[in-house]
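Below is one structure, written out as structure tokens; comments come after it.
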Amino acid sequence: MKKSALSIHISVARQRLTLKRGRAVERIFPISTSKFGLGTREGSFQTPTGRFRIAEKIGADAPIGTAFRARVPFQPTPSDLTSADLVMTRILWLDGLEPGNANTYDRYIYIHGTNHEDQIGRPASHGCVRMKNADVAELFRRVAVGTPVIIRAPRVSTARGIKVKKGIAPGGCIA
């Protein structure tokens with residue numbers, strides 16, 4: 001019997017990445033999306049939403065903790081390691097599949113490791129999807145170029161004309 005294909009599902013609301021095989025959950029990882037919110041405008045530093053695919057995989061043979069500049073390994077300074085927003089360990093370069101996110105590849109939006117693992121679990125990136133270095137190395141091994149990726153924005157519903165996020169209704173009740 002043929003195995004179901006893998007897919008990646010990213011929840012911005014929960015700051016987590018779920019790797020699925022068909023409908024079955026294979027693995028859940030904590031992540032960090034943009035501290036500037038969601039969007040697709042060039043230069044916005046926002047995380048795009050919608051349907052994507054992995055267009056390129058970079059860093060297969062690099063040791064965990066390798067830093068990349070322009071997708072090429074480099075040796076960061078001690079100052080870089082503490083203050084810069086480094087792309088580390090592995091790069092899964094995304095390509096948007098919808099008219100609204102078609103510029104994703106040209107915006108250099110990746111799933112990648114980070115030198116700021118302490119910020120994983122909350123929005124802190126500059127547009128990319130950050131992961132812990134060991135986690136992105138594991139994900140990299142398991143997925144292929146072409147793997148579908150879905151990035152979902154938090155759900156917003158309207159109750160009596162008031163916007164409601166994450167299932168909390170006006171007055172703090174669960175929606």
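Between the amide H of GLY37 and those of THR47, distances stay under 5 Å, these residues lying 5 or more places away or on another chain, with hydrogens modeled in the peptide plane.
Distance between the 7 Å Cα→Cβ label points at ILE64 and HIS9: 2.7 nm. Other residues with beta-carbon under 15 Å from the beta-carbon of ALA134 carry, at +1 per Lys or Arg and -1 per Asp or Glu, a net charge of +2.
Local charge sum around ALA60 (other residues, Cβ-Cβ under 14 Å, Lys/Arg +1, Asp/Glu -1)? Here the charged neighbours net out to +2. For the pair VAL156 and ALA55, label points projected 7 Å from Cα toward Cβ lie 2.7 nm apart.
Counting only DSSP H runs of at least 4 residues, each contributing -39500 (n - 2.57), and dividing by the residue count of the chain, the helix-based mean residue ellipticity at 222 nm comes to -2500 deg cm²/dmol. Between ASP80 and ARG141, the distance separating the two model label sites (each 7 Å from Cα on the Cα→Cβ line) works out to 2.6 nm.
For the chain, lysine pairs separated by 8 or more sequence positions, or belonging to different chains, with Cα-Cα distances below 29 Å total 18. Note on Kirkwood radius over Cα pairs in Å: of the candidates (1) 16.8; (2) 16.4; (3) 20.1, the value calculated from this structure sits at (1).
Less than 12 Å Cβ to Cβ from GLY96, Lys/Arg counted +1 and Asp/Glu -1: what total charge do the surrounding residues give?
0
Quick note: the coordinates plus some simple rules give every number you see, no bench work behind them. Every value quoted in this text rests on a predicted model; they were computed, and no experiment measured them. All Cβ positions, glycine included, derive from the backbone under ideal geometry; neighbour counts span all protein chains shown.
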